[in-house]
1. Under a crude label model (7 Å from the Cα following the beta-carbon direction), how far is A:Glu294 from A:Asn197 in nanometres?
2. Along the Cα→Cβ direction, 7 angstrom out, place labels at B:Glu280 and B:Glu181. What is the inter-label distance in nm?
3. Within 10 Å of each Cβ in B:286-293, how many Cβ atoms from other chains are there, averaged over the peptide?
4. Lysines within cross-link reach of A:Lys73: Cα-Cα under 28 Å, excluding same-chain residues under 8 positions apart?
5. Quick one: with label points 7 Å out along Cα→Cβ, list the inter-copy distances for A:Glu280 in nm, shortest first?
6. Starting from 0.36 nm per residue, how many nanometres of slack lie between B:Thr250 and B:Asp2 once their C-alpha separation is accounted for?
7. Note the distances from B:Glu11 to each other copy's matching label point, with points 7 Å along the Cα-to-beta-carbon direction, in nm, sorted shortest first.
8. Summarise the partner chain shielding of B:258-265 as one whole number: the mean count of Cβ atoms from other chains within 10 Å of each residue's Cβ.
Protein chains: 2
Amino acid sequence: MDLVPGVLRGETVPIARLLSCAEAADDASRPALARIFEHTGKAHVVGITGVPGSGKSTLTAVLAEEFANSGRKVGIIAVDPSSPFSGGSILGDRIRMADIAMNPNVFIRSMATRGAMGGLSRGCLDAVDILDAAGFDIILIETVGVGQDEIEIVQAAHTVIVASAPGLGDEIQAIKAGILEIADIHIVTKCDRSDSNRTILELKGMLKMGDLTKFVEGWEPKVIGTSSLRREGFEELAATIDRHRSYLETSGEIVKRRRKISETRMLKIAESLVRKRFYEERLGSISELCGQMERKKIAPDAAARQLLARINGE
Amino acid sequence: MDLVPGVLRGETVPIARLLSCAEAADDASRPALARIFEHTGKAHVVGITGVPGSGKSTLTAVLAEEFANSGRKVGIIAVDPSSPFSGGSILGDRIRMADIAMNPNVFIRSMATRGAMGGLSRGCLDAVDILDAAGFDIILIETVGVGQDEIEIVQAAHTVIVASAPGLGDEIQAIKAGILEIADIHIVTKCDRSDSNRTILELKGMLKMGDLTKFVEGWEPKVIGTSSLRREGFEELAATIDRHRSYLETSGEIVKRRRKISETRMLKIAESLVRKRFYEERLGSISELCGQMERKKIAPDAAARQLLARINGE
């Protein structure tokens with residue numbers, strides 16, 4: 001069955017089916033995805049990340065509602081295994097995920113990160129294409145801010161949001177340090193807590209010191225406090241995302257962002273092709289190469305080059 | 001200067017220099033690494049992982065001391081940005097890292113995870129080769145247990161240890177779930193704490209239920225409690241690692257492990273070659289491919305295949 005026309009009409013069932021094909025990196029879906037790709041480029045893609053416990057899943061859900069209530073169609077792609085969207089619900093009792101899932105303007109899809117065999121980013125970015133072509137105005141990608149893959153995915157967005165929660169432990173903060181610099185917008189979540197102000201001031205201080213410079217000129221990363229519990233700060237956040245979008249367009253920065261996205265995309269697919277071919281040939285020609293390595297007949301670097309040559313020989 | 005003879009004699013300065021070349025994935029070091037590779041295969045490689053806050057760095061340090069005190073030469077490769085070995089010391093005040101660094105039988109190397117451009121695992125596994133060829137008996141690789149790359153690295157070891165701390169938050173535990181199943185040995189750290197027994201029982205319960213099955217038959221993962229503060233449990237841990245090593249040898253399981261290691265190695269190098277070439281050609285031929293993607297003249301999948309063809313065309 002040709003799913004493309006249904007996807008382009010924004011129909012839920014074909015969208016869900018094509019998303020499943022994309023997630024499985026099913027070769028049979030390539031032609032459909034190539035046709036879908038021609039219809040992309042209209043949605044605004046927002047990447048949301050943060051360390052575990054930063055409140056990013058709840059933030060994503062409430063932000064989606066905020067946009068949906070203003071009449072926009074919102075797609076959510078959650079690639080965070082700890083996300084309530086992925087079923088491993090933790091905050092699910094507090095914020096009614098079910099309510100959001102029932103909103104006709106919101107489409108939620110969680111992607112498995114395990115067993116993705118390096119195809120995580122490929123599947124995720126194909127999923128963005130599908131929702132974009134299906135007419136979603138805003139696409140939120142939620143990833144956990146640890147792991148190279150996850151961070152690269154979230155950077156393949158037009159607007160990058162990094163969530164920080166007040167009062168996280170030192171060890172978590174140490175990891176967090178690596179992702180703060182990718183933010184266009186910083187969110188301090190859980191602003192119903194009394195220690196949230198300190199986190200806001202810390203972030204603002206780091207920005208002032210130039211510690212959190214980003215590759216973009218002309219847009220100083222914003223710091224916004226939100227409370228998902230009290231639904232506070234989301235109007236400001238939605239407005240800031242829209243402002244960032246306008247900024248990208250008027251400054252011409254969008255051209256650089258698009259380039260970064262297409263670069264990430266191409267690289268990630270190439271890597272997943274290498275990996276896929278590797279696993280297909282694990283017991284065949286690659287097994288023989290491994291044997292040579294184990295007998296010290298070939299160095300790992302030379303073996304890897306042979307692997308690449310064989311992949312290309314197809 | 002030819003660093004290889006010095007490395008093979010176990011001299012610190014050539015070892016450190018070649019490690020730096022390996023970390024930089026410097027092409028000029030390839031011949032030296034290929035020669036080094038011929039002298040590998042004697043060391044027992046132990047991968048140690050755990051989520052942030054699991055106490056794995058301290059565990060690694062104390063375990064290294066335990067082995068060193070029994071007269072063995074121990075190499076530590078830390079690829080955890082939050083590790084005290086990497087300078088971002090957190091527990092450094094409690095356990096005197098400096099003491100361990102001064103031990104003549106211990107060699108510590110931390111690897112940067114940022115800016116590694118996908119070369120993290122390549123550099124790390126080359127580092128294992130260097131220490132192996134230099135005559136280290138035991139090589140401990142410490143990685144943070146989040147991120148595909150990090151988890152793959154630690155699995156490229158003969159014995160895999162997963163550290164769990166009592167009383168970590170739910171969100172952290174959710175992430176942890178993904179790495180428990182790779183353990184040959186489970187460590188519950190911080191056993192000076194009263195709630196550690198519960199964590200030990202939970203793990204044992206999960207093992208009994210068959211939830212934590214591993215691909216190895218004939219070795220049921222062990223659960224050991226340690227206290228780095230009181231230096232308790234490390235004799236048992238060192239003995240269990242030695243027992244696991246014997247088990248691998250006598251059962252013939254070592255052949256499968258070696259295969260897994262050489263497979264991971266080849267794949268990881270191939271991926272890093274793709275990535276390296278990508279960044280070299282980012283402004284050249286790849287820029288043109290990106291442009292075609294942006295004008296919807298070529299789909300991402302087809303563009304990635306062209307990228308691979310060009311890499312191989314060298």
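1. 6.4
2. 3.8
3. 4
4. Counting by Cα, and skipping residues close in sequence, A:Lys73 has these lysines nearby: A:Lys42, A:Lys56, A:Lys190, A:Lys222, A:Lys256, A:Lys260, A:Lys268, B:Lys296, B:Lys297.
5. Those label-point separations list as 2.6 nm.
6. Roughly 85.4 nm would be gained on extension.
7. The projected label point of B:Glu11 is separated from its counterparts by 7.4 nm.
8. 5
Read-outs: derived from the displayed coordinates by stated rules, not from any lab. Here the structure is a predicted model, which is why all the values come from computation and not from measurement. Because the Cβ atoms are built from the backbone with ideal geometry, glycine has one as well, and the counts that use them run over all protein chains shown.
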